[in-house]
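Here's the structure, in structure tokens; my notes come after.
The values are calculated or read from the model by the stated rules, or taken from the named source; none is laboratory data. A quick note: this is a predicted structure, and the numbers were derived from the prediction, not measured. FYI the Cβ positions are ideal-geometry reconstructions off the backbone, even for glycines, and counts take in every protein chain you see. With ligands, DNA and RNA removed, areas are computed over all heavy atoms of the protein, side chains included. Shrake-Rupley method; radii C 1.70, N 1.55, O 1.52, S 1.80 Å.
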Amino acid sequence: MLDQLIKAVSDWPVILQGAIGSALFWLVLLIGQKLSVTISAKYSESSKKRRRDFLLEQRLKYYYNSTNDNTARGTVFSALTYRAFRSFLRATIWLILGFLGGTFLSSLSVVGYLGALYYLFAALNTVTAVSLEDDAHQKVEEMTNELKKLDEV
């Protein structure tokens, strides 16, 4: 079945194959990003530290949209880039472990690749802009209040 599908697609014009490949790549990227955001939000509720880290990151993103001070925006951009780079380094480690584990057991490579994919989407989520439809000042205030409550407990 899969062989027939591949043969049928390989008979199509190259431009059409490229367009379909690009569309599939975009779809996987879109679904992966949405899934990553959903998982991160749910995962953040599993512990106080995870919730705090999630709120700090989201608050930085909304604060970036709410301020007109370029110095503050530059600082927030640097902080978000640093956080994304940490996830990128974790993805690199998972990828290397996947390569090394694959030499012993092929299923270990799949685990490494999935771990790398998770952290790459986490890095992408860190630097992806928040919705402009939300009131950024109100979101910053809500997250600040929730962070204060978490610190009190």
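Any residue at all in the range 39-47 that is under 21 Å from Leu124 (Cα atoms) and either charged (D, E, K, R) or in contact with a strand residue (DSSP E or B) (Cβ under 9 Å, 6 or more places away or on another chain) (or both)? Within the range 39-47, one or more residues are under 21 Å from Leu124 (Cα atoms) and either charged (D, E, K, R) or in contact with a strand residue (DSSP E or B) (Cβ under 9 Å, 6 or more places away or on another chain) (or both). Which of the residues spanning the range 80-115 are buried (at least 17 other Cβ atoms within 10 Å of the Cβ) and small (Gly, Ala, Ser)? Result: Ala84, Ser87, Ala91, Gly98, Gly101, Ser109, Gly112, Gly115.
On the basis of being over 16 Å from Ala122 (Cβ atoms) and either open to solvent by 90 Å² or more (accessible area, probe 1.4 Å) or among the small types (Gly, Ala, Ser) (or both), does Asp69 make the cut? Here the answer is no, as Asp69 does not meet what is asked.
Residue-by-condition table, conditions (1) free of Cβ contacts under 8 Å to residues at least 60 places away in the same chain; (2) closer than 12 Å to Val37 by Cα:
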| position | (1), (2) |
| --- | --- |
| Gly101 | yes, no |
| Gly115 | yes, no |
| Ala123 | yes, yes |
| Thr126 | no, yes |
| Leu132 | no, no |
| Ala136 | no, no |
| Val140 | no, no |
| Leu147 | no, no |
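Look at the range 73-95: where a residue is under 13 Å from Thr128 (Cα atoms) and a partner is among the β-branched types (Val, Ile, Thr) and assigned to a helix (DSSP H, G or I), sitting 6+ places away or on another chain with Cβ atoms under 8 Å, you get Leu80/Thr126; Leu80/Val127; Thr81/Val127; Arg83/Thr126; Ala84/Thr126; Ala84/Val127.
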